[in-house]
Amino acid sequence: MIISNFTTVEEFILLGLTDKQDMKIVLFIVFLTCYIVSLFGNIVIIWISSVNPRLNTPMYFFLRNLSLLDICYTSSVVPKMLINFLSVRKAISFGACFIQLFIHLSLGGAECYLLLAMAYDRYVAICSPLHYTNIMHPILCIKMATASWGGGLANSIIQTFNTLQLPFCGPNVINHFFCEAPMLLELACSDTTFNKRIIFLCAIVVTVIPFFSILITYVKIISSIIKIRTATGRKKAFSTCASHVIVVSLFYGTIFVI
């Protein structure tokens, strides 16, 4: 299929979250504030964990990767959404839409795998504390982080190409606030059954499998914590996992809601 012969849509219209002008201003202020706080917080995390030698541990290595990923992830969606809150015509060019789709899928997939890597780090720290240093050595951490970014990139290449090869020759209104593959499939001018199956399989590999792997990991972690005899030891063990559990809950909660 030659894409240029079938693609007549030159831009898409993003409907966004609301069409009420008063709500647009409120949402603009809310999302702008959250975006600035998120950027500042992640930059601070990267800076502090990089300059402090005591934070040169696997946990903070993965945390720096997660903070960098979050900066890129939010920046791929939020700025355009903020512009659309203040725009009468919420258009995004065909090319920009697919660039946003590619970045979003790549970073979203990478975060799923990175959260799994962080769960494994916590598992080793609690279940095999005496062997933690030997198991979670720098080379393994770099490999796990690289695999996470690479897995997200592979997911993005597959899904973006899977969507890009479809002809878009009619409707161009996306009922969402950013370009997402399922929404784009609804606008295609051909049968998308095969394409939907590809997206479904990618969702299982990138989202569902890591999620249940994290759950299984935490079942083992909790069972190990219960066996700790002292209350102080159990409290300390739980505290090392609390931040990761919160991040996982927020990330996957957002995915399931959206």
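Looking at T254, L201, C241, which one has the Cα that reaches farthest to the positive end of the dipole of the range 191-258 (charges on Cβ: Lys, Arg +1; Asp, Glu -1)?
C241
Where does the charge balance sit around I46 when Lys and Arg score +1, Asp and Glu -1, over other residues with C-beta under 13 Å from its C-beta? Before the final figure, lay out the partial values.
On the way: positive: R64; negative: D70.
That works out to 0.
log₁₀ I(q)/I(0) of the range 210-258 at q = 0.13, 0.30, 0.31 Å⁻¹, via Debye over equal Cα point scatterers, no solvent, to two decimals?
With one equal scatterer per Cα and no solvent, log10 I(q)/I(0) is -0.36, -1.11, -1.14.
Count the net charge of all other residues whose Cβ sits under 14 Å from the Cβ of A110, scoring Lys and Arg as +1 and Asp and Glu as -1. Mind dumping the intermediate values first?
On the way: positive: R64; negative: D70, E111.
Within the 14 Å Cβ shell, the charges total -1.
Using r as the Cβ-Cβ distance of F200 and L17, and R0 as 30 Å, what FRET efficiency do you calculate, to the nearest 0.05? Spell out each step's value before the answer.
Values: r = 26 Å, r/R0 = 0.86.
Calculated transfer efficiency: 0.70.
Compute the orientation-averaged projected area for the chain from the convex hull of its Cα atoms and round it to one decimal in nm². Each step should come with its number before you reach the end.
On the way: hull surface 64.1 nm².
Computed as one quarter of the Cα hull surface, the answer is 16.0 nm².
From the C-alpha gyration tensor of the range 1-143, pull out the three semi-axes of the equivalent ellipsoid (sqrt of 5λ each), sorted largest to smallest, in whole Å. Numbers along the way, then the final one.
Values: eigenvalues 298, 88, 26 Å².
Gyration-tensor ellipsoid for the range 1-143: 39, 21, 11 Å.
With +1 on each Lys and Arg Cβ and -1 on each Asp and Glu Cβ, and nothing else charged, work out how big the dipole of the chain is about its Cα centre, in Debye to the nearest 20. It would help to have the intermediate numbers written out before the result.
Values: 17 positive and 10 negative charges, 246 e Å.
My answer is approximately 1180 debye.
For all pairs of alpha-carbon atoms in the range 138-258, what percent lies in each bin of width 5 Å, listed from the first bin to the last filled one?
Over the range 138-258, the share of Cα pairs per 5 Å bin runs 2, 9, 13, 16, 16, 12, 10, 8, 6, 4, 3, 1, 1, 0 percent.
Testing the spin-label approximation: label points 7 Å from Cα along Cα→Cβ at D191 and I228. State their distance in nm.
Each label point is offset 7 Å from its Cα along the Cβ direction, giving 5.7 nm.
Angle, helix 138-164 long axis vs. longest principal axis of the chain, Cα atoms, 0 to 90°, nearest 10?
Its long axis makes an angle of about 20 degrees.
If you fit an axis through the alpha-carbon atoms of helix 209-226 and take the longest principal axis of the Cα set of the chain, what angle between them do you get, 0 to 90°, nearest 10?
Helix 209-226 sits at roughly 20 degrees to that axis.
Restricting to lysine pairs 8 or more places apart or on different chains, what number in the range 156-258 have Cα atoms under 19 Å apart? Write down the numbers at each step before the final one.
Numbers: K220/K235; K220/K236; K227/K235; K227/K236.
The result is 4.
Once you list every other residue whose beta carbon is under 11 Å from the beta carbon of S87, what net charge do they have if Lys and Arg are +1 and Asp and Glu are -1? List each step's numbers first, then the result.
Details: positive: K24, K80, R89, K90; negative: none.
Overall, the nearby charge balance is +4.
Give the angle, between 0 and 90 degrees and rounded to the nearest 10, that separates the Cα long axis of helix 21-51 from the longest principal axis of the Cα atoms of the chain.
Result, in degrees: 40.
Given DSSP loops and a limit of at most 12 other Cβ atoms within 10 Å, what is the longest stretch of the chain that contains no such trypsin sites (Lys or Arg not before Pro)? Display every interim value, and only then the final one.
On the way: sites that count: K20, R89, K227, R229.
The longest such stretch corresponds to 90-226.
If you find the alpha carbon centre of the range 67-125 and of the range 24-48, how far apart are they in angstrom?
14 Å
In the range 34-111, what is the volume of the convex hull around the alpha carbon atoms, normalised per residue and reported in Å³?
Working: hull volume 6.4 nm³, N = 78.
Cα-based convex hull of the range 34-111, divided per residue, equals 82 Å³.
In the chain, which longest range has no GluC sites (Glu not before Pro) that are both DSSP loop (not H, G, I, E or B) and surrounded by at most 15 other Cβ atoms within 10 Å? Kindly include the intermediate steps, with their values, before the conclusion.
Working: sites that count: E10, E186.
The longest such stretch corresponds to 11-185.
Using +1 at the C-beta of Lys and Arg and -1 at the C-beta of Asp and Glu, which of V44, F12, P171 has the Cα lying farthest in the positive direction of the dipole of the chain?
V44
Every number in this text was worked out from the coordinates using simple rules, so none of it is lab data. The shown structure was predicted, so the numbers you read here are calculated from the model rather than taken from an experiment. Cβ coordinates were reconstructed from backbone atoms using ideal geometry, including for glycine residues, and neighbour counts include every protein chain displayed.
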